[in-house]
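**Q** Just passing along the structure, written as structure tokens.
The values are calculated or read from the model by the stated rules, or taken from the named source; none is laboratory data. It should be emphasised that the depicted structure is a prediction, and the values quoted were computed from it without experimental measurement. Here the Cβ is made from the backbone with ideal geometry for all residues, glycine too, and neighbour counts use every protein chain on show.
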Amino acid sequence: MNTSFRLAACLSALLLLFTGSSADAEESIRLPDMGSPADAVLSRSQEAQLGRQIMLSVRASGQVIEDPLINEYINDVGSRVAAHANDGGHRFTFFVIEDPAINAFALPGGYIGVHTGLIEATRNEHELAGVLAHEVAHVTQRHIARALHANQRQSIISTALMLGAVLAGAAGAGGDAVQGLMGVAQGTAVQQRINFTRANEYEADRIGIEALAEAGFDPHGMASFFEVLSRQSPVSLEARVPEFLRTHPVTTTRISEARSRAAKYPRTIADDSAGYQVSRARALVARFDTPEAAVAHFEASDYAHQTTSERYGRAVAYQRAGLHRDAEHIFKDLLEENNGVIAFHIGLAQSQIALEKRNDGLETWENALALFPRNVPLVIEYGEDLLRLDMPEKAHELLLDLLNNVPPTPEQVRLIARAASEAGEQAEALYYMSEYHLMTGNLEGGINFLRQALLVPDLNEIQRIRFEARIDFIREFMSEEQLRRMQRNRPSSGVATQANR
């Protein structure tokens, strides 16, 4: 991932939040402590705003994986852990970054990112869940706000720069860039910040291990992953140290303490879920520069001796290389062994459609839908194929049913916008695109699409009332500067179809 993107994503949001008016910023620090000390520096609403701003840059980078199967899995595991570490005051969004670096990070507002390299580096589901539990604890314990409070005697600019360095490192920025940012602040404050970070790491371990055990995962999963990484990465070879260890320093003492904490809970022995195997295989395929390289990797071992996960990865590699006949055979074999894995049904249907076996493909899709009604990855992938088959009305109907019954993902909303647009329902397409931008934190973009929807010639009265009410609702969450900017940029006429953007 591009280093300049990481720094911009972190620093621009931080400086925007903290330096709009230096007098106002200094005054906010002196507010009376009416609750948590961290609230006097960074309220939960400010944390949410900061997180949304950073996520806009993260998504704009093009590095966020929009794979429905991976996204559903990482959110399922993350939510399962978060349910046991959260007092209900935090909302979480888990996402995956396409980056071979072994890293994970927590951003303000409950946004937790995991690199594909980390997923690939884990040996089992419990280790991955351990990393997520650790990051969840950083959020629930409000370590970013507490870091600001610990450094509140510094100027607000210096504090923002230091926090920016920490976030940039967490997001995987190069060591030189992070050190350069840290050097901007006072040397004594740097040492205080490092000490505070160490304390945060130990606290995140403690809270995370408890949540891990209560969620039904092996409580030793966190320490196990830390131990594996520290063994394979000698500190003397700095360039080879995984980024996760740079941003989450691990010592033998810390590993030992994590083991001791985990020993207080019953050991959980369970096989990896199909979701973990599928997600890890898909992340591995994505790592290769070309589909042919991925195929060569999986063909290096004999098919008859490969695990289910390896054979699935092989089939996905074949698909991406355009070898759909080979992929079709593997997916049929996998389904004969286990009909309960959604990814196998999706893979078979996709290959059948690609091979122009239209009836077979549609039958496979419909059978899968009957087995797993309203499953998000299944419906999204089916909708994609329906659009390829020039069946936008059916795609819109299918996706709308899911939207009305299951909390949507951003990619799901963007797809239904495309389906509505291709079906000729321009006002609804623009409305869906508004919702997509709202879900990704772009309030101004959300209103802009609604304003365009109000200009569609055949708009009916019910739609007009609905769109105007939605605009009024969004405006309540916008700053004065955003409102002024929206007023300046308000369109006067014309409408553009944006659903495919």
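**Q** Among the residues of segment 76-92, write down those that are outside any helix (DSSP H, G or I) and either surrounded by fewer than 22 Cβ atoms within 10 Å (Cβ to Cβ) or free of Cβ contacts under 8 Å to residues at least 12 places away in the same chain (or both).
**A** Ala83, His84, Asn86, Asp87, Gly88, Gly89, His90, Arg91
**Q** Looking only at segment 332-350, count every residue that is within 28 Å of the chain's Cα centre (by Cα) and surrounded by 17 or more Cβ atoms within 10 Å (Cβ to Cβ) and tell me the total.
**A** 10
**Q** Moving on to the next point. List pairs: first in segment 280-292 and touching a residue at least 12 places away in the same chain (Cβ under 8 Å), second of a type in the set (S, T, N, Q) and crowded, with 20+ Cβ neighbours inside 10 Å, Cβ under 8 Å, 6+ apart or cross-chain?
**A** Arg280/Thr122; Ala283/Thr116; Ala286/Thr116; Arg287/Thr116
**Q** Do the conditions hold for Ala317, that is, is it under 29 Å from the mean Cα position of the chain (by Cα), at pLDDT 95 or above and over 22 Å from Asn71 (Cα atoms)?
**A** On the way: under 29 Å from the mean Cα position of the chain (by Cα): yes; at pLDDT 95 or above: yes; over 22 Å from Asn71 (Cα atoms): no.
Here the answer is no, as Ala317 does not meet what is asked.
**Q** Just to be sure, is Pro373 surrounded by fewer than 16 Cβ atoms within 10 Å (Cβ to Cβ), under 26 Å from the mean Cα position of the chain (by Cα) and modelled with pLDDT of 95 or more?
**A** Considered against the rule, which asks whether it is surrounded by fewer than 16 Cβ atoms within 10 Å (Cβ to Cβ), under 26 Å from the mean Cα position of the chain (by Cα) and modelled with pLDDT of 95 or more, Pro373 comes out as yes.
Each row is one residue, and each column tells you yes or no for (1) assigned by TED's automatic domain parsing to the domain that holds Phe225; (2) farther than 20 Å from Leu212 by Cβ; (3) more than 13 Å from the chain's Cα centre (by Cα).
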{"residue": "Gly62", "(1), (2), (3)": "yes, yes, no"}
{"residue": "Gly78", "(1), (2), (3)": "yes, no, no"}
{"residue": "Ala101", "(1), (2), (3)": "yes, yes, yes"}
{"residue": "Gly117", "(1), (2), (3)": "yes, yes, yes"}
{"residue": "Glu125", "(1), (2), (3)": "yes, no, yes"}
{"residue": "Ala129", "(1), (2), (3)": "yes, no, yes"}
{"residue": "Leu132", "(1), (2), (3)": "yes, no, no"}
{"residue": "Glu135", "(1), (2), (3)": "yes, no, no"}
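**Q** Condition test on Leu438, is it closer than 24 Å to Phe94 by Cβ and of a type in the set (A, V, I, L, M, F, W, C)?
**A** Details: closer than 24 Å to Phe94 by Cβ: yes; of a type in the set (A, V, I, L, M, F, W, C): yes.
Taking the combined requirement at face value, the residue satisfies it.
**Q** Moving to a separate point now. How many of the residues in segment 331-366 are part of a helix (DSSP H, G or I) and farther than 19 Å from Gly275 by Cβ? Give the derivation first.
**A** Initial filter on segment 331-366 (part of a helix (DSSP H, G or I)): 331-337, 342-354, 358-366.
Right, trim to farther than 19 Å from Gly275 by Cβ and you get 332-333, 336, 351-354, 358-366.
Counting residues in segment 331-366 that are part of a helix (DSSP H, G or I) and farther than 19 Å from Gly275 by Cβ gives 16.
**Q** Looking at the structure I just gave you, is Ile102 among the β-branched types (Val, Ile, Thr), in contact with a Phe, Trp or Tyr (Cβ under 7 Å, 6 or more places away or on another chain) and over 15 Å from Leu284 (Cβ atoms)? Break it down stepwise before answering.
**A** Working: among the β-branched types (Val, Ile, Thr): yes; in contact with a Phe, Trp or Tyr (Cβ under 7 Å, 6 or more places away or on another chain): yes; over 15 Å from Leu284 (Cβ atoms): no.
Considered against the rule, which asks whether it is among the β-branched types (Val, Ile, Thr), in contact with a Phe, Trp or Tyr (Cβ under 7 Å, 6 or more places away or on another chain) and over 15 Å from Leu284 (Cβ atoms), Ile102 comes out as no.
**Q** Filter segment 447-461 down to the residues that are aliphatic (A, V, I, L, M) and in a helix (DSSP H, G or I), then identify the one that is farthest from Arg52 (Cα to Cα).
**A** Top of the filtered list is Leu454.
**Q** Looking at (1) more than 23 Å from Phe288 (Cβ to Cβ); (2) at pLDDT 95 or above, find the lone condition where Pro108 falls short.
**A** The one condition Pro108 does not meet is (2).
**Q** Still on this structure, please answer the following. Report, ordered by the first and then the second residue, all pairs with beta carbons closer than 8 Å, sequence separation of six or more or different chains, a first member in segment 386-403 that is free of Cβ contacts under 8 Å to residues at least 12 places away in the same chain, and a second member that is buried (at least 17 other Cβ atoms within 10 Å of the Cβ).
**A** Listed pairs, sorted by first residue: Lys394/Leu386.
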